């Protein structure tokens, strides 16, 4: 069985994703969050670093867990309770943890929104959801019955544990300018960007209740396809890439949150 040093995987992902040059929120702490004795024998990919995903990865024989959401979203915190339980589980399994948040979202090949567009048969022509100098999502043009597109999204999302819902759809609404931003994609900035860009259909993971109210009055349809569901794509594609590059097997840990 092939193995690879964690440092080699880290260097490859730095070059591929531009980890150190992509802006992100401080708690993301992109890169290696926990090291191990190594080398990497098997990779597990998951959306979230939770006790559930760590124990499942260990049961699969993985000793590198690749996630989109790492350990530190709660910010600076004592190592007690659930936080300590996760860290202890990683150390007990001698499992390394690697997190890639916005560097993954923004990637031209492995970005969640770009991969979701492909899964839905949509072709991006520009970036969307600007964060400093990067775009976390994509947008493009089409000519589709919006209700049909929503059904397509729902068919895609259901196996990933989410029942897709949408803001009110005007009669006869057609999708001509669409945008996708995975995760918590319906926010003040993304809605402003959608309105300014003439987007009529916005596909996101989730968003606050007020976004559906605001969108209805502005003629925008928002499709809420699930935060978890829309962020299963990038880590799976990235883990498959690492497997091909280094000859190390990989698995996906499916741990839906219901959101």
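Scanning region 19-74 for residues that are out of contact with any strand residue (DSSP E or B) (no Cβ under 7 Å at 6 or more places or on another chain), under 19 Å from residue 253 (Cα atoms) and not in a loop (DSSP other than H, G, I, E, B) yields a total of 6.
Can you list residue pairs whose Cβ atoms sit under 6 Å apart, with the first residue in region 12-26 being farther than 13 Å from residue 110 by Cβ and the second being surrounded by fewer than 20 Cβ atoms within 10 Å (Cβ to Cβ)? Count only pairs 6 or more apart in sequence or on different chains. Qualifying pairs under 6 Å: 23/132.
Report whether or not residue 161 is under 30 Å from residue 66 (Cβ atoms), at pLDDT below 95 and within 15 Å of the chain's Cα centre (by Cα). When the stated conditions are applied, residue 161 passes them.
Yes/no per residue for (1) under 22 Å from the mean Cα position of the chain (by Cα); (2) touching a residue at least 60 places away in the same chain (Cβ under 8 Å):
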| site | (1), (2) |
| --- | --- |
| 72 | yes, no |
| 88 | no, no |
| 93 | no, no |
| 103 | yes, yes |
| 124 | yes, no |
| 140 | yes, no |
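Within region 221-259, the set of residues being assigned to a strand (DSSP E or B) and farther than 22 Å from residue 117 by Cα comprises 250, 251. Of all residues in region 1-13, those satisfying the criterion of being surrounded by fewer than 16 Cβ atoms within 10 Å (Cβ to Cβ) and either at pLDDT below 95 or in contact with a helix residue (DSSP H, G or I) (Cβ under 7 Å, 6 or more places away or on another chain) (or both) are 1, 2, 12. When 247, 198, 183 are checked against the criterion of being in the same structural domain as residue 117 (by TED's automatic domain parsing), within 25 Å of residue 56 (Cα to Cα) and touching a strand residue (DSSP E or B) at 6+ places or on another chain (Cβ under 9 Å), a single residue qualifies: 183. Counting only residues that are more than 29 Å from residue 38 (Cα to Cα) and modelled with pLDDT under 95, region 73-130 holds 0 of them. For the structure I just gave you, tell me whether residue 153 is in contact (Cβ under 8 Å) with a residue 12 or more places away in the chain, more than 18 Å from residue 253 (Cβ to Cβ), crowded, with 22+ Cβ neighbours inside 10 Å and out of contact with any helix residue (DSSP H, G or I) (no Cβ under 6 Å at 6 or more places or on another chain). Criteria met by residue 153. The residues of region 187-227 that are in contact with a helix residue (DSSP H, G or I) (Cβ under 7 Å, 6 or more places away or on another chain) and under 12 Å from residue 164 (Cα atoms), listed by number, are 203, 205, 206, 222, 223, 225, 226.
Just one of (1) part of a helix (DSSP H, G or I); (2) not assigned by TED's automatic domain parsing to the domain that holds residue 183 fails for residue 214. It is (2). Looking across region 78-105, the residues that are over 23 Å from residue 7 (Cβ atoms) and surrounded by fewer than 13 Cβ atoms within 10 Å (Cβ to Cβ) come down to 78, 79, 80, 81, 82, 84.
Is it the case that region 97-118 has a residue that's over 24 Å from residue 19 (Cα atoms) and assigned to a loop (DSSP other than H, G, I, E, B)? The answer is no, given that none of the residues of region 97-118 is over 24 Å from residue 19 (Cα atoms) and assigned to a loop (DSSP other than H, G, I, E, B).
The values are calculated or read from the model by the stated rules, or taken from the named source; none is laboratory data. Not measured: the values here are computed from a predicted model. Quick reminder, even Gly has a Cβ in these numbers, built from the backbone with ideal geometry, and neighbours come from all protein chains shown.
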